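Worksheet: the structure to be examined is printed underneath.
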Amino acid sequence: MWRTPSSKTALASGFVILCWAYSPIGIRIGLQSYEPGHLALLRFLIASVFMGLVAGVQRIALPRIRDLPLLVALGFFAVALHHVALNHGQRSVSAGAASVLAQSTPLFSALIARCFLNEKITLWRWGCVALGLAGAVTVIAGDRVFGGFQARGLLVLLAAFAWSVYFVLQKRHAGRYSALTMVCYTVWSGTALLCIYLPGLAGEVARAPMRVNAAVLLLGVLPSALAYLAWAYVLSRIDVSRASMALYLVPPTAMLMASMVLGEKTSPMVLLGAAIVIASVVALNFERRGEPLPSRRP
């Protein structure tokens, strides 16, 4: 039975929406001065320090040796692959379009469940997946901020796929640690993997304008750390299926923020594609009643 959300829960949900809507805007600003790999590393170095402070206060459990391969895999898909692909993709996809494409994660999760977990997919699910992917292609093709369809924009879908793999892995092993513990070790292991981009990072930090570095600092603290703590608070008070519905407000919020901060104009085709993607995910959720949808990426 659903519990009526309190004002604190509603405020926490609104905070999460604003943080995750800011993410593609912050990436767009960061890419003005940073290479995609450097931006991902700097963002998660900041997030790692912040999560380290939280972990020290909460005294999270140490990982078991046998779980280290799992934690590295989680960090690879959720942090390293996801954010490097996302940053490269956002070089040719607007912030608003990227926020829509991120909502395709549940569609890939359904495919992963079928291909690797041997879960049965009904005709309804296949239809939702096909419709959602068609909507995603519509978004990329209709995004006119960078002159129309660019193949590099498909990397944003690779980022969504990587997050889907993370969600499936995390869901199957969620009982091993608390949510906070899993997030901390995912962030730290992913950051360690991103250290291959360490050469040259210091020079870019020194050359970047103050406003760009401020935007990256917000990226590391808000969507990559604080939003997850707020999201855990929300999930502890209302049902996952109900809480996930709030995430559909992220794309329109991101589009509004992008228009105000970056001056981006959303084309009618992107709006159409956004409606198709969100409708397909909602329909998939109705058919998969009782199963939580993947939350948005950090």
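If you take the square roots of the eigenvalues of the alpha-carbon gyration tensor of the chain and sort them as a ≥ b ≥ c, do you get rounded (a/c under 1.5), prolate (a/b over b/c) or oblate? Kindly include the intermediate steps, with their values, before the conclusion.
On the way: a/c = 1.39, a/b = 1.03, b/c = 1.35.
It comes out rounded by the Cα gyration axes.
Probe radius 1.4 Å, ligands and nucleic acids ignored: give me the carbon and sulfur share of the accessible area of the chain as a rounded percent.
Using a 1.4 Å probe with all protein chains present, the chain comes out at 69 percent carbon and sulfur.
Please label the shape of segment 1-133 as rounded, prolate or oblate, based on the square roots a ≥ b ≥ c of the eigenvalues of the alpha-carbon gyration tensor (a/c under 1.5 means rounded; beyond that, a/b larger than b/c means prolate, else oblate).
Taking the square roots of the gyration eigenvalues as a ≥ b ≥ c, segment 1-133 is rounded.
For the chain, what is the calculated [θ] at 222 nm in deg cm²/dmol (nearest 500), taking -39500 (n - 2.57) for each run of four or more DSSP H residues and dividing by its residue count?
Taken over the chain, the calculation gives -21500 deg cm²/dmol.
Classify segment 241-282 as rounded, prolate or oblate from the Cα gyration tensor: take a ≥ b ≥ c as the square roots of its eigenvalues, call it rounded if a/c is under 1.5, otherwise prolate when a/b beats b/c and oblate if not. Let's see the in-between values first.
Values: a/c = 5.52, a/b = 1.48, b/c = 3.74.
The shape class here is oblate.
For the chain, what relative contact order do you get, as a whole percent, if you take Cα pairs closer than 8 Å and at least 6 residues apart?
About 41 percent, as a whole number.
Along the Cα→Cβ direction, 7 angstrom out, place labels at L68 and L272. What is the inter-label distance in nm?
Roughly 5.3 nm, to one decimal.
On a straight-distance basis, which lysines could pair with K120 in a cross-link, Cα separation under 22 angstrom, same-chain partners fewer than 8 positions away excluded?
Excluding near neighbours in sequence, the set is K171.
Could you work out how much longer the chain between A174 and K8 gets when fully extended? Use 0.36 nm per residue separation minus the Cα distance between them, nm to one decimal.
57.2 nm
List, in order, the whole-Hz ³J(HN,Hα) value for each residue of segment 219-227 obtained from phi through the Karplus relation with A = 6.51, B = -1.76, C = 1.60 and θ = phi - 60°; use x for Gly and Pro.
Karplus values, whole Hz, x for Gly and Pro: 4, x, 8, 7, x, 8, 9, 4, 4.
Taking only protein heavy atoms and a 1.4 Å probe, what accessible area per residue, in Å², does segment 9-82 have with all protein chains in place?
Normalised by residue count, the accessible surface of segment 9-82 is 40 Å².
From the backbone phi of segment 266-274, what are the Karplus-calculated ³J(HN,Hα) couplings (6.51 cos²θ - 1.76 cosθ + 1.60, θ = phi - 60°) in whole Hz, Gly and Pro given as x?
Result, ordered by residue: 7, 6, x, 5, 5, 4, 4, x, 4 Hz.
What nm value, rounded to one decimal, do you get for the distance between E204 and L262 when each label is placed 7 Å out toward the C-beta?
Each label point lies 7 Å from its Cα, and together they span 1.7 nm.
If you stretched the chain out fully between A141 and Y233, how much longer would it get, using 0.36 nm times the residue separation minus the C-alpha to C-alpha distance?
Extra length from A141 to Y233 when fully extended: 29.4 nm.
The values are calculated or read from the model by the stated rules, or taken from the named source; none is laboratory data. Nothing here was measured: the structure is a model prediction, and the numbers come from that model. Quick reminder, even Gly has a Cβ in these numbers, built from the backbone with ideal geometry, and neighbours come from all protein chains shown. For accessibility, only protein heavy atoms count, side chains too; no ligands or nucleic acids. Shrake-Rupley method; radii C 1.70, N 1.55, O 1.52, S 1.80 Å.
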